[in-house]
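Novice: Please read through the structure below; I'll follow up with questions.
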Amino acid sequence: MSDRTRLPAMAVLGALALVPGAGRAQMEQPTVTPLDSGLTRSLVTPESSTMVQPFGGAAGGGGPSVDRNAPVTFTAEEVEYDREKGLVIARGRVEAWQGERLLRADEFTYDRNTGVATARGHVQLLEPDGSVMFADEAELKDRFRDGVLEGVRALLAANGKMAANGARRTGGTINELSRVVYSSCDLCADDPTAPPLWQVEARRATQDKNEQRITYRDATVRLGGWPVLYTPYLSHPDPSAPRASGFLFPTLGYTRFLGAFAETPYFWAIDDSSDLTVIPILSSRQIPNLGLEYRKLFNFGEILGNASIGGLNGTDTGGKRELAGHIFLKGRFTIDEHWRAGFDLNRASSEQYLRTFRYEYRRVLTSQAYVEGLWDTTTYARIDGRAYQGLRTIDDTRQIPYVLPNAVVEHAPRGKYLGGFLTMDAGLLGISRDIGSSTQRLSSRVSWQRPETDRLGGLWTFKVQADGIGYRAQGLQEPPTYLPAANGSQAVGNVRAAVDWRMPFVRNAGSWGSQTIEPRVQLVTGPRVGPQYKVPNEDSVDFEFTDANLFALNRYTGRDRQEGGTRVDAALRGAWDFPNGGQIEGLVGRSFRLDDQISSPYVGSGLDRRASDYVARLRVAPTTWFDTIGRIRLDGERPTDRRMVDTTANLGLGRVTVSAGYLYSPPLPYLTAPVRSRDEVGLGFTARIGDYWRVTASGKYDLGLGRAVLLQGAAGYEDECFIFEGRFIKRFAQDPTTESLYAANTVILFRVGFKTLGEYFFRAI
């Protein structure tokens, strides 16, 4: 046997594993295996020498049985073995792999004496995490985990790209690079030599795959080739890291209430299933503020929350310095296949505090804890307790109720009973206040519906609904209830029966689709309910009569108020359905009482006379790019007088979408203070300019007050690596006690984002 042996082309040197110190018998009698596997065929295609392809063959497959300490194996078009020098030389579309790490090159030399592998020409090193390193030449050892590379380029996750003069690898996890450039931007297709939109240049950088971070020394950030920021130290998560601990880009700004301020968030990835963001806010006018955002994911649920502690220095609170804070926390948990539980904890020191520091603002904060169960589609059960906090200065917290317990169980059997569908429920409700009324209620409802079709095509629905309610109440003579006659214990019941008839007349319009005219009449009857002021009312204060509840047996929102007597509901519906899926549809209807007993919630509700107001609906959507829907309620005696109008429209013109709306709603005497109607119009549009720019603007104008109530707009640019966005929001909300504008009604926000690197914010309030 000669000192230099040329092995057949297109062969796998299977038994001659690249392990230092292998036995001579193994070297003298190599096993040559023809490359006839599916893997081999994919490697000998003409494109294989230039294309980066994931490796998934038998030797380097990504299955759970991969041995990361397995010997290095390779394939090539031509292999030579120099016995005297101990060199294995492979040429032509070389692929060498160890475990999940794959090396490609034009030429591959392995020195069995030193254990050093040298790759030249179109070198590609595919890492287990999916990243790819390219080099002009690479000298590697210790199963490709250590080595030196020249002319390095790297393709990372999330479109990250890196280039360097050279790199040194240590343990397969540390890459030290010199004269490095990093960016996630694509090069210009017309001029690849032009600088990317942004890039980071540094004297040296370290990529730590265990810590999943890239750290730069003497770094310069360039935009369009122009330097905009120099820093001696810069660090950011590796693009392959789903999340990593570290400081986030700060938010800087100036507001009328905070003065100059800075937010410097720190993100702490506690473990694989939880993290915490610490957000200190330092400002020139207010006490320092500390915000926290926490997330925790379990196998059976999650906890999400944010909280803060700080204060107001008295400048905007009448000279009173006070400690302030908030907590918004929620949890959701699955107990077993039927039961789940959850809680919400929402508390804040004041409305002024939330608005000043721009935390999420809600008119009323609700805290609750609950358990609920589901059994197929037939049964549902829930029990919860609730507490509320009103944030406005006019709210008397002593009169805000506590709800405990609130329990309900609902059951809807799959089978039919007397040819119809049955639903049943039962509930227990307890409401108490520090000052004022307290009520306990036990309620139950049984409903039955049977649909039928007659010979002429008429649709008949027979309905029965029975309610049984027991009350125990005290303190109802006090605010906010003012129902002294409802004190004590009592039981009330109500039965409603109805026959609902519809007759759809359908006409074939040929190529224009089909047209439908459908009259509908419902007769509802039952005993009179008597004076409603003798019954507590906690869940039926909010009431609105529209086409949506025209045919409901009981049109109140809850159980505390019941409709009685006999009435007739009537409506006429028309529809034109087009072949393209478009439709024009409308309905007009009215309700008529056959007796003089009126159980309307308030004057002007639409049901305060024997003949109700008119309710109507119109939807026009003839194409996919235009649709509008409007609902209206008109006075039953003077149809020209509006009682309620709610309409919206959307028009899509390619890249431009325009929306408009109008709302008129009467005051709700029990809910609105001060009592006034809402009469406002809204207009907005969204436009996309080119592939990367978008612009939005919208506003609302109160016709009753004669001024705008909301103005907002945004413009932004976003491509594969860069985000720039500006937002403006101006609210004209007023404190009802002082009639002055709330704090922080104006927001100006600028956002600059370098994808995979970080985001920068500037905000003014």
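The values are calculated or read from the model by the stated rules, or taken from the named source; none is laboratory data. Source: prediction; values computed, not measured. Note: ideal-geometry Cβ built from the backbone for every residue, glycine included; neighbour counts use all protein chains shown. Surface areas here come from the heavy atoms of the whole protein model, side chains and all, with no ligands, DNA or RNA. Shrake-Rupley method; radii C 1.70, N 1.55, O 1.52, S 1.80 Å.
Novice: On the protein heavy atoms, probe 1.4 angstrom, tell me the percent of accessible surface of the chain carried by carbon and sulfur. Don't skip to the end; give the middle numbers.
Specialist: On the way: 22260 of 38690 Å².
Carbon and sulfur together cover 58 percent of it.
Novice: If Lys and Arg each add +1 and Asp and Glu each add -1, what is the summed charge of the other residues whose beta carbon sits under 12 Å from the beta carbon of residue 656? If you can, show how the numbers build up before the last one.
Specialist: On the way: positive: 655, 688, 694; negative: none.
The answer is +3.
Novice: Normalised by the residues of the chain, what does the relative contact order come to in percent, with Cα pairs under 8 Å and at least six apart? If you can, show how the numbers build up before the last one.
Specialist: Numbers: 1968 pairs, mean separation 39.8, N = 765.
Value for the chain: 5 percent.
Novice: Okay, next question. For 760, 556, 717, what's the largest-to-smallest order of accessible area, 1.4 Å probe? Write out the running numbers ahead of the final one.
Specialist: Working: 760 75, 556 20, 717 40 Å².
Largest to smallest exposure gives the sequence 760, 717, 556.
Novice: Here's something else I'd like to know. Among 281-287, 437-443, what's the highest-first ranking by average C-beta atoms within 10 angstrom per residue? Write down the numbers at each step before the final one.
Specialist: Values: 281-287: 17.7, 437-443: 20.6.
So the order, starting with the most tightly packed, is 437-443, 281-287.
Novice: Can you list, by residue number, the Cys in the chain that have no neighbouring cysteine C-beta under 4.7 Å?
Specialist: 188
Novice: Another one. Rounded to a whole number of µm²/s, how large is the Stokes-Einstein D of region 184-337 at 37 °C and 0.692 mPa s, given Rh as the Kirkwood radius over C-alpha pairs? Show your work: numbers first, answer last.
Specialist: Details: Rh = 19.2 Å.
The Stokes-Einstein estimate is 171 µm²/s.
Novice: Hey, got a sec? Which trypsin sites (Lys or Arg not before Pro) in region 452-550 land in a DSSP loop and have at most 15 other Cβ atoms within 10 Å? Working shown, then result.
Specialist: Working: sites: 455, 463, 472, 496, 502, 507, 520, 528, 534; in loops: 455, 528.
The qualifying sites are 455, 528.
Novice: Now for a different question. Just to be sure I understand: of the beta bridges DSSP finds with both ends in the chain, what percent are antiparallel, rounded to 5?
Specialist: Here the share of antiparallel DSSP bridges comes out near 100 percent.
Novice: Provide the net charge surrounding residue 715, with neighbours chosen by a C-beta distance below 9 Å and charges set as Lys +1, Arg +1, Asp -1, Glu -1. Spell out each step's value before the answer.
Specialist: Values: positive: 694, 727; negative: 725.
Summing Lys/Arg as +1 and Asp/Glu as -1 gives +1.
Novice: By its C-alpha gyration tensor, with a ≥ b ≥ c as the square roots of the eigenvalues, how is region 622-732 shaped: rounded for a/c under 1.5, else prolate for a/b larger than b/c, else oblate?
Specialist: Taking the square roots of the gyration eigenvalues as a ≥ b ≥ c, region 622-732 is oblate.
Novice: Give, to the nearest whole percent, the P(r) tail of region 306-457 beyond 19 angstrom, counting all Cα pairs.
Specialist: Details: 7887 of 11476 pairs.
Roughly 69 percent, once rounded to a whole number.
Novice: Another question, if that's okay. More than 15 angstrom separation, counting every C-alpha pair in region 143-208; what % is that?
Specialist: Details: 1172 of 2145 pairs.
Across region 143-208, Cα pairs with separations above 15 Å total 55 percent.
Novice: Sum up the charges of everything whose Cβ sits under 14 Å from the Cβ of residue 136, counting Lys and Arg as +1 and Asp and Glu as -1, but leave residue 136 out. Walk me through the numbers before you get to the answer.
Specialist: Values: positive: 104, 120, 153; negative: 106, 107, 137, 139, 150.
With Lys, Arg at +1 and Asp, Glu at -1, the net is -2.
Novice: Counting other Cβ atoms within 10 Å of each Cβ, which GluC sites (Glu not before Pro) in region 248-346 have at most 10 and sit in a DSSP loop?
Specialist: Working: sites: 263, 293, 302, 322, 337; in loops: 337.
Taking region 248-346 and a limit of 10 other Cβ atoms within 10 Å, the loop GluC sites (Glu not before Pro) found are 337.
Novice: Something else about it: How would you order 136-147, 80-91, 239-250 from highest to lowest mean count of nearby Cβ atoms within 10 Å?
Specialist: Working: 136-147: 19.1, 80-91: 17.0, 239-250: 15.2.
Highest mean packing first, the order is 136-147, 80-91, 239-250.
Novice: Report, in deg cm²/dmol and to the nearest 500, the calculated mean residue ellipticity at 222 nm for the chain, where each DSSP H run with n ≥ 4 adds -39500 (n - 2.57) and the sum is divided by the residue count.
Specialist: Rounded to the nearest 500, the figure is -500 deg cm²/dmol.
Novice: From the square roots a ≥ b ≥ c of the eigenvalues of the alpha-carbon gyration tensor of the chain, which class results: rounded (a/c under 1.5), prolate (a/b over b/c), or oblate?
Specialist: Numbers: a/c = 2.45, a/b = 1.96, b/c = 1.25.
Here the chain falls in the prolate category.
Novice: On a 18 Å Cα-Cα criterion, which of the cross-link pairs 296/755; 161/755; 730/755; 141/161; 463/534 come out too long?
Specialist: Flagged as over cut-off: 296/755; 730/755; 141/161; 463/534.
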